[in-house]
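Peer 1: Below you will find the structure I want to go over with you.
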Amino acid sequence: MRYKFEDLDVWNLALDLSDLIFELAKELPDEERYNLISQINRAATSIALNIAEGSTSQSDGEQSRFLGYAIRSLIEVIGCLRIIERRKYIQNVDLTDNAEDLCDQLFIKLQAFKKSLN
């Protein structure tokens, strides 16, 4: 069985971001295991899960509400990335640049999707 959310561009982009964040988190220092590593992984996962959960809603308003949660989780990921950059935890600039690019793309698409429902 295929579910509605699996065909959404924002879902697939959220999965890409989640995978990239998981790889990026592996590069963080061990002392951040229970802080930034946990936080950024949970926030990235939450984006995809809220898109999925919202896609089964009975109304556009409900789906819009879950997209709002996904956007908030995305902003949380971006906040974590800013802290990671400020503390200079990641030496691989390509990794953080790719994460930033995916965040930008996903933000634009989530906003557009949410707007189309209102």
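The values are calculated or read from the model by the stated rules, or taken from the named source; none is laboratory data. Quick caveat: nothing in here was measured; it's all calculated off a predicted structure. All Cβ positions, even for glycine, are placed from backbone atoms using ideal geometry, and neighbour counts span all protein chains on display. Remember, those area values only see protein heavy atoms, side chains included, never the ligands or the DNA or RNA. Shrake-Rupley method; radii C 1.70, N 1.55, O 1.52, S 1.80 Å.
Peer 1: Lysines near Lys109 by alpha-carbon distance under 19 Å, same-chain residues fewer than 8 away left out - which ones?
Peer 2: Counting by Cα, and skipping residues close in sequence, Lys109 has these lysines nearby: Lys4.
Peer 1: Using the Cα centre of the chain as origin and beta-carbon charges of +1 (Lys, Arg) and -1 (Asp, Glu), tell me which of Gln105, Ala25, Ser57 is placed farthest towards the positive end of the dipole.
Peer 2: After comparing all options, I get Ser57.
Peer 1: Roughly how many debye, to the nearest 20, is the charge dipole of the chain about its Cα centre, given +1 on each Lys and Arg Cβ, -1 on each Asp and Glu Cβ, and no other charges?
Peer 2: Taking the Cα centre of the chain as origin, the dipole is about 440 debye.
Peer 1: If you don't mind, there's one more thing I want to ask. Could you check the spin-label model distance between Asn12 and Gln91? Points 7 Å from the Cα along Cα→Cβ, value in nm.
Peer 2: 3.6
Peer 1: I've got another one for you. Leaving out same-chain residues fewer than 8 places away, which lysines sit with a Cα under 23 Å from that of Lys88?
Peer 2: Lys26
Peer 1: Another question, if that's okay. If Tyr34, Tyr89 are ordered by their accessible area, calculated over protein heavy atoms with a 1.4 Å probe, which sequence runs from highest to lowest?
Peer 2: If we order Tyr34, Tyr89 from most to least accessible, we get Tyr34, Tyr89.
Peer 1: What Kirkwood hydrodynamic radius, in Å, does the chain give when the mean of 1/r is taken over all pairs of distinct Cα atoms and then inverted?
Peer 2: 14.5
Peer 1: Would you calculate a helix-derived [θ] at 222 nm for the chain, using -39,500 (n - 2.57) for each DSSP H run of n ≥ 4 and dividing by the full residue count, to the nearest 500?
Peer 2: Using -39500 (n - 2.57) per qualifying helix, the result is -26000 deg cm²/dmol.
Peer 1: What number comes out for accessible area per residue over the chain if the probe is 1.4 Å? Units Å², please.
Peer 2: 59
Peer 1: Quick check of the Kirkwood formula: for the range 1-52, what is the inverse mean of 1/r over all pairs of different Cα atoms, in Å?
Peer 2: Hydrodynamic radius (Kirkwood, Cα only) of the range 1-52 equals 11.7 Å.
Peer 1: Tell me, what % of the accessible area of the chain is carbon and sulfur with a 1.4 angstrom probe?
Peer 2: Of all accessible area on the chain, carbon and sulfur atoms account for 49 percent.
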